[in-house]
Amino acid sequence: MAGSASVLEDGSTLSRLDRGLHKIETVLALVSGVAVFSLMVLAVISVGGRNTMNMPLPGYVDWIEQIMPLIAFMGIAYTQRDGGHIRMDMLVGQLSGRTLWAAEFITALATLILMALLVWGSWEHFQRSFDFAAPFWSRDSSIDIGIPIWPAKLLAPVAFSVLCLRLVLQLWGYGRAFVLGLVEPVAVPLVLSAAAQAAEEASLLSDADPVDDLKERR
């Protein structure tokens with residue numbers, strides 16, 4: 001699993017596209033975080049209502065079903081950009097130079113093909129649920145309180161499409177690094193060494209706890 005990675009930037013077209021897409025990914029990841037928080041709020045309301053007024057939140061399970069795709073899918077492109085998805089770093093870390101970039105290119109290409117198929121399949125699944133002529137534009141709904149399901153089904157192809165764009169940029173970056181023999185290409189996650197990871201973690205801890213840092217200096 002990728003422990004820590006960095007993404008370099010410069011003034012190239014690839015880097016500008018990377019930064020632009022990263023803004024979209026950041027917004028989607030923020031939406032996912034808000035969804036996690038809202039799930040906690042719904043749980044508090046449901047449990048509190050049951051204990052105080054014997055009235056749990058109506059359709060609590062239905063609302064969870066609607067929120068779960070936000071949590072599961074919205075942050076995947078953001079994580080891909082930073083190299084945070086599960087991968088064999090112990091194996092990839094043994095590679096270097098063009099061999100490394102070729103391996104990364106092949107992996108990203110295989111992932112892109114898989115995600116393109118998932119975009120197609122999830123879009124077809126959404127279309128089976130969406131209908132302009134139906135009430136609330138929905139052919140199906142949740143079991144308890146009848147929430148239309150198509151908005152949740154739409155989230156999957158949208159999130160997967162953003163991930164496909166990210167993979168295309170990474171293929172560009174890895175291919176460019178392979179052709180030009182670059183050591184540190186832009187717009188792709190560069191896995192940090194163990195020493196660099198330790199230094200970064202020490203820096204984060206130092207910034208997060210200035211009181212302890214001041215005590216150590218005394």
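The values are calculated or read from the model by the stated rules, or taken from the named source; none is laboratory data. Just so it is clear, the structure is predicted and the values come from calculations on it, not from any experiment. Please note: Cβ atoms are built from the backbone with ideal geometry, for glycine as well, and neighbour counts cover all protein chains shown. Keep in mind that these areas ignore ligands, DNA and RNA; they rest on the heavy atoms of the full protein, side chains included. Shrake-Rupley method; radii C 1.70, N 1.55, O 1.52, S 1.80 Å.
Can you give the FRET efficiency to the nearest 0.05 for ILE143 and LEU30, using r as the Cβ-Cβ distance and R₀ = 25 Å? Present the calculation step by step, with values, prior to reporting the outcome.
Numbers: r = 30 Å, r/R0 = 1.21.
It comes out at approximately 0.25.
Using only DSSP helix segments of four residues or longer, with each worth -39500 (n - 2.57), what per-residue ellipticity at 222 nm results for the chain after dividing by its residue count and rounding to 500?
So the calculated ellipticity at 222 nm is -24000 deg cm²/dmol.
Leaving ligands, DNA and RNA out of it, work out the accessible area of LEU182 with a 1.4 Å probe and give it in Å² to the nearest 10.
Spelled out: LEU182, probe radius 1.4 Å, area about 50 Å².
Work from the charge dipole of the chain (Cβ charges, +1 for Lys and Arg, -1 for Asp and Glu, about the Cα centre) and give the residue of ILE24, PHE126, MET40 farthest towards its positive end.
Final value for the positive-end residue is PHE126.
Which value, in Å², gives the accessible area per residue of the stretch 5-87 when a 1.4 Å probe is used on the protein heavy atoms?
Result: 57 Å² of accessible area for each residue.
Averaged per residue, what accessible surface does the stretch 129-172 expose to a 1.4 Å probe, in Å²?
With all protein chains present, the stretch 129-172 gives 51 Å² per residue.
What number in nm² do you get for the stretch 81-129 if you take the convex hull of its Cα atoms and divide its surface by four?
On the way: hull surface 17.3 nm².
Across all orientations, the stretch 81-129 yields a mean hull projection of 4.3 nm².
About its Cα centre, how strong a charge dipole does the stretch 1-74 have in debye, to the nearest 20, once Lys and Arg get +1 and Asp and Glu get -1 at the Cβ?
180
Can you give the extra length, in nm with one decimal, that the chain gains between ASP89 and ASP10 once fully stretched, where that is 0.36 nm per residue apart less the Cα-Cα distance?
Full extension of this stretch gives 25.9 nm more.
What distance in nm lies between label points placed 7 Å from Cα along the C-beta direction at ASN51 and HIS125?
A separation of 3.6 nm, rounded to one decimal place.
Once the Cβ-Cβ distance between LEU190 and ALA133 is put in as r, and R0 is 35 Å, what FRET efficiency do you end up with, to the nearest 0.05?
Calculated value: 0.10.
Starting at 0 and stepping by 10 Å, how many percent of the alpha carbon pairs of the chain end up in each bin?
The percentages, shortest bin first, are 7, 24, 27, 21, 15, 6, 1, 0.
Along the principal axes of its C-alpha atoms, what lengths does the stretch 24-107 span, in descending order and rounded to whole Å?
So the three principal-axis extents are 65, 26, 15 Å.
Tell me, what % of the accessible area of the chain is carbon and sulfur with a 1.4 angstrom probe?
Carbon-and-sulfur percentage of accessible area, whole number: 69.
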